[in-house]
Structure formats: C-alpha cells, structure tokens
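The values are calculated or read from the model by the stated rules, or taken from the named source; none is laboratory data. What you are looking at is a predicted structure, and each value in this text was computed from that prediction instead of being measured. Ideal geometry is used to build each Cβ from the backbone, glycine not excepted, and the neighbour counts take in all protein chains shown. These accessible areas exclude ligands, DNA and RNA; they are computed on the full protein's heavy atoms, side chains included. Shrake-Rupley method; radii C 1.70, N 1.55, O 1.52, S 1.80 Å.
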Amino acid sequence: HAREHGSTSLRRFDAEIAEQLERRKQLAMRVRQAVTRQEFVAFFQPIVSRDYRIVGAEALLRWQAPDAPGPAEFIPLLEEQGLIREVGRQMLHDVIHTAARWRHEQEAFQNISVNVSPIQLREEAFVNHVIDALKTSGLPASCLILEITESLYISAEKAVLNRLARLRQLGVRLALDDFGTGYSALSYLQWMPLDILKIDKSFVLKLAEEHAERDITIVRAIIQIAQACGLDVTAEGIESAEVARIMCELGAHCLQGYHFSRPLGEEAMTALLHSSAMPPPSHQPLID
Ligand code: C2E
Ligand code: MG
Ligand code: MG
Ligand code: MG
C-alpha cells in the first residue's frame, strides 16, 4: 500500500515539474518574441531630495503585453535567454537620451539611475556602450548612476572591477542596490568602488509602524556605515509621509517610493516634471 501511495505522489510530482517546465518553455519563447516586437519599455520613478524636489529618476523596465510578468520574473528570464545585454543596452541608450532632455527642461532634474545586470558588467564592450550613449546625448557622466545589485553572479573579478573603476573615472556614479538583503552586503563595501548606497525597501516599508525600533536601529546603523565609507544614501520603498520624515531625520540624502510617485511612463513622467507636483513635506524641510 505504502509503495502504491508513494508512486502515485511521485507521478503527481513529475506532472507538476513537467507543467512548470512547459510554462518556462512558453515564457522563454514569448520573451524572445517580445524583444523583436520591442515590448520592453522603460518606466521612470522619481527620486526626490530632502526638500522633496525631483532630482532624478530610476529607470525600471516594463514588459508591455497582456498578462506579461513583472521584472522580478522576466529579468532572470532575459538573463537566461542571453537577451539581457541587448535589452539592457537599448534601455541604457534610450533613458540616457530621455534624461538629457529632461535635464534641459527642468533645472532640478539631474540624475538618471539605471539598473545593470551582472551579465552586462561582464561584457567587454559595456563601458564603450555607456560612453557612446553619454556622448550622443550630451548627458554629463556625473548625471548617470548605475545601480548594481549584489548577487551570486558578481564577485571581485579583476575585469569587472577594472570596468567599474573606469566608469567611475569618467564620472559615472555607482550605487549598491537593495543593500542589506543579499549574501555579502558588507564584503561588497570592501571591494566595489561605490558612491551611493540604496537601502532595501524591506527595511524602510514599516518604519512608521508601532514597534519599529529594531528597523529604525538597522537603518540608522546602515546610514552610519554609509557615512563612514563616504557614501550617499538613497531610501527606496517610501510609502507614507511619516516614513519620509523618519528617513530624513535618520539622514537619508534621497528618497524614492510610492508616496512620491509610482513608476511612470515617459509621457507621464515628463508631465510630472513640468508640474513639479510632489507631496509637500509634512514637516519642516531639511535642507543640506
Ligand atoms: P530595484 O532596482 O530595487 O527597484 C525598486 C523596485 O521597488 C521597483 O520594482 C519599484 O517599482 C519598487 N518600488 C518603488 N517604490 C516602492 C514603494 O514605495 N513600495 C513598494 N512596495 N515597492 C516600491 P520593479 O519595477 O518591479 O523592479 C523590480 C526589480 O527588477 C528592480 O528592483 C531591479 O532589480 C529589477 N529591474 C527593473 N528594471 C531593470 C532593468 O532595466 N535592468 C535590470 N538589470 N534590472 C531591472
Ligand atoms: Mg534599482
Ligand atoms: Mg533597489
Ligand atoms: Mg529593491
């Protein structure tokens, strides 16, 4: 009996795996089609200063098709399918040109942040792609921030390190994304040339709730580490005025989150920039 039962559940398990594999195969096919159909577009989420002016934006990739998955699912897929270099390069080029335009239209707007996959960093031509986009757009290198998330796939390889150092020599700034969640956050601070630390939203989201003492302690410690290393701090995941106030008090330099704006399409972001309609600070603005 036990054996029969065992083989039945094994068969069910096989069927589930087969189903998952089939779904992945379908998705892999769809993602390749999506690249040729140019269904990947950049959205932009405002990043504000301590006095709540829009000083920049993070470019976030969206797959525009019915029932398309979000970036957490399709970015790994693009990486597996060997498509992230092409999509990432196009994205980098487009958003740098868009940012150059916004910078001329709005004085306060300075920085465009772009997420970079470790796979892109391993590409020899990556630095030249960045230089090309900066040159053709006229955007100063200091207005570009490359966001790098710690992952198993990026280590202190000499080639990657050299590339990052070259980018920084050009004036491009480097941000360590999702700080605090990964495998080796602190060791990244040891070897990676960096300018900005982005505190992961998991530490930020609940800062205003009751009994948030521990989260506040963690964020305060992260900001102390950043200051000791000479890094600026950006807080992501700010969903309320109260959390924005707390993050300012703790010393964050830049703020980002749904409280200010969700990621927007290019047109909506342009309109927002022209209206300068950020929620007013609920407290005395803290100006550096
Ligand atoms: P990330 O770089 O840490 O981006 C921040 C994520 O937090 C975005 O999710 C954003 O929509 C979300 N977010 C912003 N404010 C709030 C908030 O107040 N509350 C909450 N709950 N969430 C907020 P999104 O757009 O789904 O992107 C997920 C991740 O996918 C990104 O995390 C990034 O690692 C990756 N990604 C997105 N675009 C690209 C890209 O062009 N290239 C690469 N390599 N990765 C990308
Ligand atoms: Mg990011
Ligand atoms: Mg992040
Ligand atoms: Mg994150």
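Points worth noting:
- Within the range 29-88, the residues that satisfy the criterion of being polar (S, T, N, Q) and more than 26 Å from residue 125 (Cβ to Cβ) are 45, 49, 64.
- Test: residue in the range 258-270 that is modelled with pLDDT of 95 or more, of a type in the set (Lys, Arg), open to solvent by 70 Å² or more (accessible area, probe 1.4 Å) and assigned to a loop (DSSP other than H, G, I, E, B): yes
- Scanning the range 171-185 for residues that are in a strand (DSSP E or B) and small (Gly, Ala, Ser) gives a single hit, 175.
- Exactly one residue out of 27, 10 is in a helix (DSSP H, G or I), more than 27 Å from residue 268 (Cβ to Cβ) and modelled with pLDDT of 90 or more: that is 27.
- Contacts under 7 angstrom Cβ, first residue in the range 195-211 being part of a strand (DSSP E or B), partner open to solvent by 60 Å² or more (accessible area, probe 1.4 Å) and at pLDDT 95 or above, 6 or more apart: 196/173; 196/232
- Selected residue (criterion: least open to solvent (accessible area, probe 1.4 Å)) from residues of the range 181-208 that are more than 10 Å from ligand 4 (Cβ to nearest atom) and of a type in the set (D, E, K, R): 195
- Helices (runs of 4 or more DSSP H) wholly inside the range 93-170 that include at least 3 residues being over 24 Å from residue 190 (Cβ atoms): 126-137
- Within the range 97-119, the set of residues being away from ligand 2 (no atom under 16 Å from the Cβ), open to solvent by less than 20 Å² (accessible area, probe 1.4 Å) and either of a type in the set (Asp, Glu) or in contact with a Leu (Cβ under 7 Å, 6 or more places away or on another chain) (or both) comprises 100, 102, 109.
- Residue 207 meets all of the listed conditions (1) modelled with pLDDT of 95 or more; (2) closer than 21 Å to residue 51 by Cα but one, namely (1).
- Scanning the range 142-180 for residues that are open to solvent by 20 Å² or more (accessible area, probe 1.4 Å), within 19 Å of residue 89 (Cβ to Cβ) and modelled with pLDDT of 95 or more returns 166, 170.
- Scope the range 209-249; condition away from ligand 4 (no atom under 16 Å from the Cβ) and within 20 Å of residue 278 (Cα to Cα); matching residues: 240, 241, 242, 244, 245, 246, 248, 249
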